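Taking it in order: structure first as structure tokens, then the write-up.
The values are calculated or read from the model by the stated rules, or taken from the named source; none is laboratory data. Predicted model, so just to flag it, every value in this text is computed and none were measured. Here the Cβ positions follow ideal geometry from the backbone for every residue, glycine too, while neighbour counts run over all protein chains shown. These accessible areas exclude ligands, DNA and RNA; they are computed on the full protein's heavy atoms, side chains included. Shrake-Rupley method; radii C 1.70, N 1.55, O 1.52, S 1.80 Å.
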Amino acid sequence: MFRFFKPLIVACALASGLAHAAFPERPVTIVVPYAPGGAADAVARVVATRLGAKLGTSVVVDNKAGASGTIGASFVAKAPADGYTMLYDATPHSINPHLFAKMPYASTALQPLSLVMLAPNVLIVKADAPFKNVGDLIAKAKAQPGKINFASGGSGTVQRLAAELFRQQLGLDMVHVPYKIGGPAIVDVMGGQVDFMFGTVAATYPHVSGGKLRALAVSAPERSKRLPDVPTVAEAAIPGYEAYEWNGMFLPAGVPAAAATQLQQALQEVLKEDEVKQRLADMGAQPIGSTPAEFAAFLKKEDAKWGEVVRKGQIKLD
């Protein structure tokens with residue numbers, strides 16, 4: 001009888017050992033649903049390198065760009081819930097549900113892990129534009145309805161929504177000029193073909209410091225450390241105005257609590273490292289490192305804010 005049960009005992013012992021194997025046993029993949037070289041991709045790669053060191057395994061970045069980030073997000077939403085596939089998403093995550101007639105994945109298919117960073121946008125104009133401050137821009141827009149235009153990298157971007165929020169809260173009549181990506185939009189602002197836009201600190205700072213652009217305001221409640229002399233939109237014109245670029249990490253829903261906790265704690269440690277904080281500061285970003293509950297609460301507010309802006313502005317995909 002013992003000979004009959006011995007293989008079964010050994011098999012059960014092996015199964016038990018596998019069930020309690022240490023996480024992670026193999027490389028972890030961070031899916032970035034945007035093209036290489038963009039702001040989210042740059043931060044994700046900084047985080048991935050250090051996160052791999054914390055976890056004791058390699059962490060690779062896989063870009064799955066397209067459809068305003070929904071292709072990559074959908075891929076992760078449908079991935080095995082084992083902790084080995086993560087999503088590094090950004091502000092469009094909160095905007096897309098209000099622009100797409102039907103999302104390719106359910107909102108419940110992803111679980112928030114941590115808010116990674118926040119970064120303001122900068123309201124920029126041509127260096128020799130007649131607008132010396134935000135008040136000048138507003139005065140011109142009020143005096144000449146429909147004559148002031150603003151650029152963005154597309155309807156699903158926070159640059160577009162930040163400008164729309166600005167327009168709506170002031171009751172201005174302005175024209176949106178959409179571009180496929182932000183780079184050419186900045187070039188046209190420098191050339192005077194477009195009056196203004198909201199751009200990232202990382203993309204606009206070199207041109208501001210180089211004298212080709214003038215920064216009129218930043219979109220965060222506090223001034224940017226990279227642009228300390230530039231007022232906030234809230235200071236200059238609209239009390240309470242706030243529009244962030246955010247990046248955050250998600251997992252497929254149902255990842256075991258132990259693995260999710262390990263990933264979240266490792267990510268928090270990474271975001272406290274001096275080198276990482278400096279890298280993010282150079283991009284005009286502030287590292288956060290939140291709990292899943294804090295991130296979920298943040299996402300709820302973002303969803304409500306941008307949903308209202310999209311509805312009031314009757315914004316459609318380009």
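Descriptive notes on the structure:
- Which listed residue, of Glu235, Glu164, is acidic (Asp, Glu), on the phi < 0 side of the Ramachandran plot and touching a His at 6+ places or on another chain (Cβ under 8 Å): Glu164
Conditions (1) more than 19 Å from Ala22 (Cα to Cα); (2) in a loop (DSSP other than H, G, I, E, B); (3) open to solvent by 10 Å² or more (accessible area, probe 1.4 Å); (4) hydrophobic (A, V, I, L, M, F, W, C), marked per residue:
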{"site": "Asp229", "(1), (2), (3), (4)": "yes, yes, yes, no"}
{"site": "Gly240", "(1), (2), (3), (4)": "yes, yes, yes, no"}
{"site": "Glu245", "(1), (2), (3), (4)": "yes, no, yes, no"}
{"site": "Thr261", "(1), (2), (3), (4)": "no, no, yes, no"}
{"site": "Gln264", "(1), (2), (3), (4)": "no, no, yes, no"}
{"site": "Glu269", "(1), (2), (3), (4)": "yes, no, yes, no"}
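- Any chance Ala129 is touching a residue at least 40 places away in the same chain (Cβ under 8 Å), in a loop (DSSP other than H, G, I, E, B) and of a type outside the set (S, T, N, Q): yes
- Test: residue in segment 103-118 that is over 30 Å from Arg226 (Cα atoms), in contact with a strand residue (DSSP E or B) (Cβ under 8 Å, 6 or more places away or on another chain) and part of a loop (DSSP other than H, G, I, E, B): no
- Annotation: of all residues in segment 153-176 being at pLDDT 95 or above and not in a helix (DSSP H, G or I), the one that is nearest to the chain's Cα centre (by Cα) is His176.
- Subset of segment 66-83 [in a helix (DSSP H, G or I) and either modelled with pLDDT of 95 or more or under 15 Å from Gly248 (Cα atoms) (or both)]: Gly69, Thr70, Ile71, Gly72, Ala73, Ser74, Phe75, Val76, Ala77
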